[in-house]
Each structure stands twice: as C-alpha cells, then as structure tokens.
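What follows is one structure encoded as structure tokens, with my remarks underneath.
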Amino acid sequence: MTTSQTPTFEHEIAIVPRDIDDMGHVNNAVYLRWVQEAIVDYWQHISSTDAQEALLWVALKHEIVYREPLFLNDEVDALVTATGTRGSRASFLTNFRRGEDIVSEVRSSWCCVDTVTRRPQRIAHDIARRFLPS
C-alpha cells in the first residue's frame, strides 16, 4: 500500500490463459472481475473482522477506459483509490498499471450492504475514514 493524501491500495493481478480472448489479449470482461477482486481485497485489508462480517459491497456502476491491451505474460497491478462516500455509496478509481504505464482506468460506484438484511447500510464515519483519512 502506498500512501499520499488519499491512500492507494496496490493489488497484484495474475493473468491466466482463460483471461485471453480470440484477439490474443485480455478480454474486456476480465477487467470487471479484477476490479471486484481488487476492491474486495482493499476492503479486507483496511477493515476489521467485525466490519467484514457485518458489511458487504455490491457494485452499482463501472466506467472503463481501455488505453492499451494486456497480454498473457504482462505483469499488472491494480491501484485502487477511494474517491468519495455518500450515504451507503462509495466511489473508487482503479488504475491498471503495466510497468509505469496506466493501461486501463475504471471508475466504479459501490453500495455498502448489511450482511443480515441485505439492505443498503449507511457508511459509518469510521469506515469512511479508513478509505478517505483526510
């Protein structure tokens, strides 16, 4: 995890053969799986066990910009930064980086959900501060 004004969480990506499409590069749909894995990993890294047992995150929206294709042997990291919270929603920017190059960026919106009721849950101040400490 690197730190700056708003922390960015680094999640290593492993490209596997099933991620590759008929064009010979990572299929666009795979990025959605990676975003989910990276944000869930971020949540598990910053939150307590109690919070993980009480809350789930459900994706509401993704906007993806593909800049360069990724291939099977590429080394890729997902860089996740929380960009805001409001009510039960949190927004994130996930940049996919190969070397020093950002090859794709995903802006996504997620809803915090109570694990028991499966209803939206307002993001508590202490949770929001873990994502956005400043």
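Where a number appears in this text, it was derived from the coordinates with a stated rule and is not lab data. Treat the numbers as computed from the prediction; the structure is a model and nothing was measured. Note: ideal-geometry Cβ built from the backbone for every residue, glycine included; neighbour counts use all protein chains shown.
For every other residue with a beta carbon closer than 13 angstrom to the beta carbon of residue 123, add +1 if it is Lys or Arg and -1 if Asp or Glu, then tell me the sum. Can you show the working numbers first?
On the way: positive: 86, 89, 122, 129, 130; negative: 114, 126.
The answer is +3.
Can you give the local net charge around residue 74? Use residues other than it whose beta-carbon is closer than 11 angstrom to its beta-carbon, Lys and Arg +1, Asp and Glu -1.
-3
For the chain, take the longest principal axis of its alpha carbons; what is the angle in degrees between that and the long axis of helix 28-46, to the nearest 10 within 0 to 90?
Tilt relative to the chain: about 40 degrees.
Relative to a virtual label point 7 Å from the Cα of residue 58 in the Cα→beta-carbon direction, which members of the stretch 105-129 show backbone nitrogen distances below 15 Å?
Correct set: 109-123.
What does the charge count around residue 30 come to, taking other residues whose C-beta lies under 13 Å from its C-beta (Lys +1, Arg +1, Asp -1, Glu -1)?
Values: positive: 18, 33; negative: 19, 21, 37, 74.
Here the charged neighbours net out to -2.
Quick check for me: using +1 on Lys/Arg Cβ and -1 on Asp/Glu Cβ, what's the dipole size of the chain about its Cα centre, in debye to the nearest 20?
Here the size comes out at about 820 debye.
Which longest uninterrupted range of the chain lacks any GluC sites (Glu not before Pro) assigned by DSSP to a loop state (not H, G, I, E or B) and surrounded by at most 14 other Cβ atoms within 10 Å?
1-74
Calculate, in whole percent, how much of the Cα-Cα pair population of the chain lies beyond 19 Å.
Tail of P(r) above 19 Å: 50 percent of Cα pairs.
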